Amino acid sequence: MKVRKETGSATTYSMIGNIGCIRFPPEIRKSSGIKRGDRLSVEVSGGHRIILQKLDVPDWAPSAALSVDACTCQRAPQGCAGGKPDVVTVGWSYVKLGEELAEELGFLPDAPLKLVGEPSRITVSVHNDVRDLVGIKRLPCPP
């Protein structure tokens, strides 16, 4: 895995394992501070990019207690329609998106990714510069 470090952030390249499964290498986990059990918001930014932002919500607060006040997009995500956000819970080294969203964003098996870890946030985007992907292996998510 190639790593570029900037002040307070890290950039790595990876590949999707299972559909919608994004594995976080140690550099990304360390720079973001995101760990298993953290609750994340998922913001779709452009056609093939998401921003995972750590929510400042206590562990004891049930997901049902979270609500969406407003949506700032033309195609409102499902979380807006029902009034409940789709909160993503992180595994030890990965996050898994639903198949529908993964297909829409192009997060399909073997898709190349660029991951940028910053404090309390990770940006994940489809990355097509093959020079950055030399030697990168596909890592499937745990079952």
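The values are calculated or read from the model by the stated rules, or taken from the named source; none is laboratory data. Every value quoted in this text rests on a predicted model; they were computed, and no experiment measured them. Accessible surface areas use protein heavy atoms only, side chains included; no ligands, DNA or RNA. Shrake-Rupley method; radii C 1.70, N 1.55, O 1.52, S 1.80 Å.
The table below lists the values:
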{"read-out": "Solvent-accessible ranking of TYR13, TYR94, largest area first, probe 1.4 Å", "value": "TYR94, TYR13"}
{"read-out": "Global form of segment 101-143, assessed from the alpha-carbon gyration tensor, a/c cut-off 1.5", "value": "rounded"}
